[in-house]
Amino acid sequence: MIKGIIIVNNHGKPRLVKFYHPVESEQLQQSVIRRVFTQVSSRPDSFCNYLEGIVPEWGENVKLIYRHYATLYFVFAVDAQESDLGILDLIQVFVEALDKCFENVCELDLIFHSDRVHYVLDEIVMGGMVLETNISAILQSIKDQGKMATESLSKTDDSQSASKIREQLGDSKWMYSW
Amino acid sequence: MAMKLRDLIRKVRACKTAAEERAVIAKESAMIRTAIREEQEHYRHRNVAKLLFMHMLGYPTHFGQLECMKLIASPHFPEKRIGYLGMMLLLSEEADVLMLATNSLKNDMNSQNKFISGLALCTIGNLATADMSRDLAPEVDKHLKSGMPYLRKKANLAMARCLTKCPDMVEDFVDRVVTLLKDKNHGVLITVVQLMTQVLMIDLKNAEEEGENPFETDCRKAFLRLVPMLVKMLRNLLSSGYSPEYDVAGISDPFLQVQLLTLLRLLGTKNEKASEEMNDVLAQVATNTESSKNAGNAILYECVQTIMGIESEDGLRVLAVNILGRFLLNRDNNIRYVALNTLSRCIKEQQETIDGSVPTESANTASAALQKHRNTVVDCLKDPDISIRQRALELIYYMVNQENVEALTAELLNYLVLCPREHRSDICTRILRVVERFSPDDRWRVDTLITMLTIAGREASREVQSAAVIYISRSGDDIHAYATHKLLKAIRDDDGSQRGLLVVGIWCVGEYGDHLLSPYSYTPSPGPGETMNGAPVSITFMALDPLSVVQAVETVTKRHSCPDYIKERALTCFAKLCDRFANKGDAAALTLLQNLIKQHEVSHSLELQLRACEYDALVNATKGIKTVVKKPEAEPDLFGVTDNGNTGEGVSASVINAAKEALSRMPVVDLKVLDKKREEAFGDIPMPKAKLAAPAPAGSGDLLDLNDMFGGTAAPAPAQNGGAEAPKSDLDLLTDIFAASSVAPVAPVGGGGGYDPFGAAGPVAAMPAPTNPLDIFGAPPTISATMPVPPAVGNPLDIFGAPPAAVPMATPVSIPMAPMMDAPAPAANASVVVPGFTHEGLTIEFECSKPDIWNKQSSELIAKCTNASSDAMYGFNLQCAVPKYVTMEMEPPTSTTIPVTGMNTAKVVTQKIKVTNSQLGTKNLMLKLKVSFTLQGRKIEHLATCGGFPAGEY
């Protein structure tokens, strides 16, 4: 089981936080993020990508498996049942999917479109288990859902509320934007 | 007007301080609350999006939970989508509002739109509570049969969640799972396999809770029937072309392969039949998988774990270990990490099975295969990455056996030098375990322990220190001498920070100080493997004189940083040394010892003061001098001695004897004490007795309830007096030794002081002098050997005497102090004169001596220049060259002008040269000399070599 996924940047600012194993209260969640960040950031890139048993909130035997891409750390917290090397590939799948989805993903994309990052993640991991690893399938469903979002607005063109939503969401590039 | 999410993010990012950020967020939170209160539904989705952002930064967002509920009920997909996202992130399963979502979820799952159903399933998979699971399971179940793979895979994982939340539903569900495996879609299969894995885990837990055999449940039986199918699926994956779209680096769907292997591992555990069915395909995976890419390695790694987890064939296990061995050589740190991790897990499991039952053949072969990779593992200890080092360390502990113990312990000691401080204590304890179990001989054991203490004496735990003392005391006299010499040298070299070393060292110096007075040398017999290294290096320690021994310990206690407990031990050491050096004829040392003890009689530390007084009295008693407590009326009785009516008694011969015995050599510590202590402290399984050095002496170690080995270890000594049987020492061990000293010669009295005397006054054992040639009592042996000791049972001897008022006169027992003032000077200090050369009337001789008796390698040469010519020599300049293994320091000559000396030694010009021969014993000191001077206006230069130094000494 994957217990949680955290993306933090080189300065410890969280860019995506997803807990599959619930961690109650914002304070605890922040302390988890801080703890993960201090541990991960103190290791040079040449070191191995595993860290063991340093997040008490997730219980014993939780391993942090992470990868460092440019300014971001992608950290997966997993239990003993998960394959150590397999998760590294899964992180790669996630990053590649983001890269394709945003066309050369950078930290700013994650900041301003965190909802989309979550949508991509939800197509890959669900309830702590691997849902899909085929990148084209992931992208297809994201694209279809995006299309559906615009269509659902155009269909109800006449209603006043829809036009208002469209007014706020309408964005040529992302189909909607806040 | 509320701002857009984008603007909020920009604003937050522009904040320079945390306070500024908090202010921005607080303002925005207030706006959102207002919007929520005013039911501004057009802004609802935007507000939730903002809340998601704030939530990520750690700000409270609970007030937005209901908004999510409203959004998921919206007919618009974008609103629904953000609503579900908000729900998954902002709500936890404990949230009360979650129940409100059940109905919306049910509606959405029935939606014709696959994405809307998908959102609902995803939410269930991430968030469902037990109640929701029960309510929604039928809906999820419908989607398991959906025509769309997109929904089937989500339904599988949602179902896994529902079953985890409601384990009792598993039983009804087993049949359904079995059919799911027939799915043709490749992407769905990975979720099915995960669902099966989850179901198996739940089933395992259920069975354990109900007390059934977890390997005999209906569910497992049903799944076991699927093993051939799973095997076939894995085999299909291996033959390429099955599903090109799931290829990762040329390997078809590594994720599915990994999941399949995990499931097979669960099924094959403790099941011979299933394991047999898997053997072939596992071998195929292990041999055919490309290992140049991470994906391939992931499969191999999982395969190895499965092979180790199930009841696989020996050949397969060896293959698995070899794959891990290959991983160890990989340059990728991750691969090495998992290899180390898996190896230590495997070897641990094996050792558990070996300990538990008859060693199996397979375990042995796998271990043997592992030993081949020993050097690789050892290399990992030098890795800069701490994760890898820790793993390697763990593995090495498990790899140690009788054959490789010396090599591996050397590596562990090397690592001890390098590792971070906080790990040292743990490593010391582990090295101790290794040394206990596998030591080839006593010398090696003691040697290793001392080396370990010199490296990490600061961090070594009390237990390690105790064990070192016990093992030293258990070994023979030869080792005693060796250990004491070595420790004294280590103490002298130490800067006072390795406290564990000081504790052990001071104890040994006190206990075996007499050995220090004689030189010690040991030449190891060359082992079969050592012949290539040339002659074995012999170990030599020089004899020391008592004064320098005492001064060495004194130096330790004089340090500013020296803690009280070391001073306490040093006091005990001094008291014992009084006994050990008593007839060595060094009055200065003895006086110094007594002064050192006395100086603490006014110490601020009660313990030190108490000890100092008691030891002083004890030492005096051995000489027959009665210690008088001053001002008895004014001060409370320091020694716990009350007026018990022994009014007429003085220091009798028996008291002297008792005092001497108190200071004499400790009996060997019973290993049971060690085991017992360890059980108390760590709950460890005691080491198998057979592996330990010697059978514990018969005695009653169990009776000794000792809090601390140093706090008066007392093991009954074996009865050495012929037929006399050692009586069980069921004395109250906390009885003060000074009060209860029944000194019948055959009765070894285990008596420990209530305080912590570090062994000195602790055990009082009857060790008759004649049987123990090295037993050097303070008095000439004849006294202790022939002294008839009155049976004093029931009449506790009071070596301090009763309160002085009642004592008429101490019986003086004179003990010859043997003032050997004409003791020969130690050989080391004798100087040798080596002729240098003679040229043009100039003669140079070297007077060689060893200034530092601790360091044989360094010597001091004094070049004596005599001028036999008729005129003075001017501008004298002596230059020396030495071989590479020698380092040299030269001081300037006393004069550059050498007058005509003739026979007048006062005019001799000298020059001091200090040399250190690092290869003493194998190579001799050589000097190349170049001298220049002016004689009668002629400039004279001369070259000469000088190699006449006594071989082996310089």
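Test B:PHE223 against the criterion of being of a type in the set (Phe, Trp, Tyr) and either within 12 Å of chain A (Cβ to nearest Cβ) or open to solvent by less than 20 Å² (accessible area, probe 1.4 Å) (or both), and give yes or no.
Values: of a type in the set (Phe, Trp, Tyr): yes; either within 12 Å of chain A (Cβ to nearest Cβ) or open to solvent by less than 20 Å² (accessible area, probe 1.4 Å) (or both): yes.
Yes.
Looking at segment B:371-390, which of the residues that are within 8 Å of chain A (Cβ to nearest Cβ) and open to solvent by less than 10 Å² (accessible area, probe 1.4 Å) is modelled with the lowest pLDDT?
Checking each candidate, the answer is B:ASP385.
Tell me, which strands (runs of 3 or more DSSP E) lie completely within segment B:881-948 with 2 or more residues that are open to solvent by 50 Å² or more (accessible area, probe 1.4 Å), under 19 Å from B:SER869 (Cα atoms) and of a type in the set (A, V, I, L, M)?
On the way: elements: B:886-890, B:909-917, B:927-935, B:938-946.
Because the criterion is at least 2 residues that are open to solvent by 50 Å² or more (accessible area, probe 1.4 Å), under 19 Å from B:SER869 (Cα atoms) and of a type in the set (A, V, I, L, M), no strands (runs of 3 or more DSSP E) in segment B:881-948 meet it.
If you take just the helices (runs of 4 or more DSSP H) that sit entirely in segment B:422-534, which of them hold at least 1 residues that are among the hydroxyl-bearing types (Ser, Thr, Tyr) and within 16 Å of B:LEU544 (Cβ to Cβ)? Spell out the reasoning first.
Values: elements: B:442-456, B:462-474, B:477-493, B:499-512.
Answer list for segment B:422-534: B:477-493, B:499-512.
Here are some residues: A:LEU131, A:LEU108. Which one is out of contact with any Phe, Trp or Tyr (no Cβ under 8 Å at 6 or more places or on another chain) and more than 8 Å from chain B (Cβ to nearest Cβ)? Give the steps one after another, and end with the answer.
Values: A:LEU131 fails: more than 8 Å from chain B (Cβ to nearest Cβ).
Result: A:LEU108 is the single residue among A:LEU131, A:LEU108 that is out of contact with any Phe, Trp or Tyr (no Cβ under 8 Å at 6 or more places or on another chain) and more than 8 Å from chain B (Cβ to nearest Cβ).
Quick one: count up the residues across segment B:838-862 that are assigned to a strand (DSSP E or B) and either under 19 Å from B:ALA951 (Cα atoms) or without any contact (Cβ under 8 Å) to a residue 40 or more places away in the chain (or both). Quick ask: steps written out before the conclusion?
So in segment B:838-862, the residues assigned to a strand (DSSP E or B) come out as B:838-839, B:842-849, B:858-862.
Those left that are additionally either under 19 Å from B:ALA951 (Cα atoms) or without any contact (Cβ under 8 Å) to a residue 40 or more places away in the chain (or both): B:838, B:843, B:845-849, B:858-862.
Looking only at that region, the number is 12.
Among the residues of segment B:398-410, are any open to solvent by 20 Å² or more (accessible area, probe 1.4 Å), modelled with pLDDT of 80 or more and within 19 Å of B:ASP426 (Cβ to Cβ)?
yes
Can you pull out every residue in segment B:87-111 that is more than 12 Å from chain A (Cβ to nearest Cβ) and not in a helix (DSSP H, G or I)?
Selection gives B:ASN110 alone.
Considering segment A:90-114 alone, what residues qualify as being free of Cβ contacts under 8 Å to residues at least 24 places away in the same chain and touching a helix residue (DSSP H, G or I) at 6+ places or on another chain (Cβ under 7 Å)?
Scanning segment A:90-114 gives A:LEU98, A:PHE102, A:VAL105, A:ASP109, A:PHE112.
So, of the residues in segment A:116-127 that are more than 8 Å from every other protein chain (Cβ to nearest Cβ) and closer than 16 Å to B:PHE255 by Cα, which turns out to be surrounded by the most Cβ atoms within 10 Å (Cβ to Cβ)?
A:GLU123
Would you pick out the residues in segment B:58-78 that are part of a helix (DSSP H, G or I) and within 7 Å of chain A (Cβ to nearest Cβ)? Let's see the steps before the verdict.
Residues of segment B:58-78 that are part of a helix (DSSP H, G or I), as a first pass: B:62-72, B:77-78.
Listed by number, the residues that qualify are B:PHE77, B:PRO78.
Find the residue count for segment B:4-17, including only residues that are more than 25 Å from B:GLU79 (Cα to Cα) and open to solvent by less than 60 Å² (accessible area, probe 1.4 Å). Before you say what the answer is, go through the steps one by one.
Our first condition is that a residue be more than 25 Å from B:GLU79 (Cα to Cα); within segment B:4-17, this holds for B:13-17.
Checking which are open to solvent by less than 60 Å² (accessible area, probe 1.4 Å) leaves us with B:15.
Qualifying residue count, segment B:4-17: 1.
Given B:LYS884, B:LYS930, B:LYS914, which one is within 56 Å of the chain's Cα centre (by Cα) and within 30 Å of B:ASP545 (Cα to Cα)?
Values: B:LYS884 fails: within 30 Å of B:ASP545 (Cα to Cα); B:LYS930 fails: within 30 Å of B:ASP545 (Cα to Cα).
On inspection, the qualifying residue turns out to be B:LYS914.
Would you tally the residues in segment B:273-308 being open to solvent by 10 Å² or more (accessible area, probe 1.4 Å) and closer than 21 Å to B:ALA392 by Cα?
2
Those residues that are away from chain A (no Cβ under 14 Å) and either open to solvent by 10 Å² or more (accessible area, probe 1.4 Å) or touching a Leu at 6+ places or on another chain (Cβ under 8 Å) (or both), I need them from segment B:204-216; list them, please.
Looking only at segment B:204-216, we keep the residues that are away from chain A (no Cβ under 14 Å), and these are B:206-216.
Within segment B:204-216, B:ASN206, B:GLU208, B:GLU209, B:GLU210, B:GLY211, B:GLU212, B:ASN213, B:PRO214, B:PHE215, B:GLU216 qualify.
Of (1) of a type in the set (Ser, Thr, Tyr); (2) at the interface with chain A (Cβ under 8 Å from one of its Cβ atoms); (3) surrounded by 22 or more Cβ atoms within 10 Å (Cβ to Cβ), B:THR123 satisfies all except one. Which?
For B:THR123, the exception is condition (2).
Restricting attention to segment B:56-101, which residues are among the basic types (Lys, Arg) and open to solvent by less than 30 Å² (accessible area, probe 1.4 Å)? Walk me through it before giving the result.
Initially, segment B:56-101 is screened for residues among the basic types (Lys, Arg), giving B:70, B:80-81.
Result: B:LYS80, B:ARG81.
Could you list, in sequence order, all residues of segment B:25-53 that are more than 10 Å from chain A (Cβ to nearest Cβ), surrounded by 16 or more Cβ atoms within 10 Å (Cβ to Cβ) and of a type in the set (A, V, I, L, M)?
The answer is B:ILE25, B:MET31, B:ILE32, B:ALA35, B:ILE36, B:LEU51.
So B:LEU343 fits all but one of (1) open to solvent by less than 10 Å² (accessible area, probe 1.4 Å); (2) within 32 Å of the chain's Cα centre (by Cα); (3) within 11 Å of chain A (Cβ to nearest Cβ); (4) at pLDDT below 85; what number is the exception?
Every listed condition holds for B:LEU343 apart from (3).
Mind counting the residues in segment B:158-203 that are at pLDDT 85 or above, open to solvent by 50 Å² or more (accessible area, probe 1.4 Å) and either facing chain A (nearest Cβ under 9 Å) or farther than 23 Å from B:ASN126 by Cβ (or both)?
Counting residues in segment B:158-203 that are at pLDDT 85 or above, open to solvent by 50 Å² or more (accessible area, probe 1.4 Å) and either facing chain A (nearest Cβ under 9 Å) or farther than 23 Å from B:ASN126 by Cβ (or both) gives 2.
Scan segment B:312-331 residue by residue and report those that are of a type in the set (S, T, N, Q) and either touching a Phe, Trp or Tyr at 6+ places or on another chain (Cβ under 7 Å) or closer than 16 Å to B:ASN375 by Cα (or both). Break it down stepwise before answering.
First, pick out the residues of segment B:312-331 that are of a type in the set (S, T, N, Q): B:312, B:322, B:330.
B:ASN322, B:ASN330, listed by residue number.
Would you confirm whether any residue within segment B:158-176 is among the hydrophobic types (A, V, I, L, M, F, W, C), part of a helix (DSSP H, G or I) and more than 24 Å from B:LEU224 (Cα to Cα)?
Here is the first cut: in segment B:158-176, the residues among the hydrophobic types (A, V, I, L, M, F, W, C) are B:158-160, B:162-163, B:166, B:169-170, B:173-174.
This time we only want the ones that are part of a helix (DSSP H, G or I), so: B:158-160, B:162-163, B:169-170, B:173-174.
Checking which are more than 24 Å from B:LEU224 (Cα to Cα) leaves us with none.
No, there is no match, as no residue in segment B:158-176 is among the hydrophobic types (A, V, I, L, M, F, W, C), part of a helix (DSSP H, G or I) and more than 24 Å from B:LEU224 (Cα to Cα).
The values are calculated or read from the model by the stated rules, or taken from the named source; none is laboratory data. Keep in mind it's a predicted model, so treat the numbers as computed, not measured. Glycine gets a Cβ as well: all are built from the backbone with ideal geometry, and neighbour counts include every protein chain shown. What goes into the accessible areas is simple: the full protein's heavy atoms, side chains included, and nothing from ligands, DNA or RNA. Shrake-Rupley method; radii C 1.70, N 1.55, O 1.52, S 1.80 Å.
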